[in-house]
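Below is one structure; the comments refer to it alone.
Read-outs throughout are calculated quantities, based only on the coordinates presented, and are distinct from any laboratory measurement. Everything numeric in this text was worked out from a predicted model, so none of it was measured. Using ideal geometry, Cβ is built from the backbone for each residue, glycine included, and neighbour counts are taken over all protein chains shown.
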Amino acid sequence: MLIRVLTRTSILFGTIVAASIAMFALLAVLPGDPAQVALGVNATPEALAQTRAEFGTNRPLVTQYLSWFGNFLHGSFGRSYLTRADIGPQIADRLQVTLWLVSLGMVVAIVIAVPLGVIAAVRHQKMSGTLLAGTSQFGMAVPSFIAAILLVDIFAVQLRWVPSGGWTPPASDPGQFLRQVSLPVLSLGLVQAALLSRYIRSTTLNVLREDYIRTARAKGLTPGRAFLRHGMRNVAIPVVTVLGLQMSALLVDAIVIERVFVIPGLGGLLLDSVSNRDLLLVQGVVMVLVVAVLAINYIVDVLYLLIDPRLRIST
């Protein structure tokens, strides 16, 4: 098992390096001069040359990449081309906001999807199971930003139970934090719960039809105990794959949801830096998102080894 983990770890770092090269190359070929953007159209050639030297954009691309990637490995993203402020603290502040949304959204999705998916599978031949399956199918067709707009209209505008936007750190006011974060988290979690419940329903149906479940029931176990003791682990393997994909999807959805609810997260920082053509800040934010997605896939691979003992057997 240790060899497999080390192999996946080396693949992770290799993929991060390859992704950083591809991302840096794509941004490098974009038209525009960061020095010109920072100084304006009326800048003199002398000022432009001095600013390019300050930014390091007058150096060869290979040298620029090695310097930038080395700083990234040390946790430094350089200084913004426009504000001249350190990029690392900006990303750290915004990242914790996005992580709150993504983590709570995934918790909501799991809490809703697991019982509904299992019930829909167990009662698939009854009307209640059919209704649950149809509801989840409808939920999959609704984009997260549409769900956000509907939730705002109902709970913030008409009922006035919660605010329609804003952000308060949980450490400063937990109550206000929960009120402000409830609608964004539901917007993210409900849509993902619909997708996850469909996978859980399908996987549970397949497991319930297996011979070892029938054997366990023939030995006297109830359907529920037979499923929990012998089927839950087999259900968990494909579900873990879907959870990894959904975590990555939540990171993307959070960019839109943060705009809808005026939340100062990583998505807002990315969109602002793109509109301002602050390419170094764009590189930092995109690289953090890339590493987050790759780390999620790495964790899923390791969880496979823990859940399925067959994968831990050396070959």
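Computed quantities for the displayed model
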item	result
Length released on extending from LEU271 to LEU131, taking residue separation times 0.36 nm less the Cα-Cα span	46.4 nm
Centroid-to-centroid separation of the range 263-277 and the range 169-229 [C-alpha atoms, Å]	34
Translational D in µm²/s for the chain (Stokes-Einstein at 20 °C, 1.002 mPa s, Kirkwood Rh from C-alpha pairs)	95
Intensity falloff of the range 7-111 expressed as log10 I(q)/I(0), Debye formula with alpha-carbon point scatterers, at q = 0.24 Å⁻¹	-1.33
Degrees between helix 87-122 axis and first principal axis of the chain (Cα, 0 to 90, nearest 10)	20
Cα-based radius of gyration of the range 50-157 once divided by 2.2 N^0.38 Å, which approximates compact folds	1.84
Label-point separation in nm, PHE13 to GLN36, each point 7 Å along Cα→Cβ	4.0
Label-to-label distance, nm, for residues given as ARG59 and ARG84 (7 Å Cα→Cβ offset)	2.0
On Cα atoms only, tilt of 174-208 relative to the major axis of the chain in degrees	50
Sorted by Cβ density within 10 Å, fewest first, the residues HIS74, HIS124	HIS74, HIS124
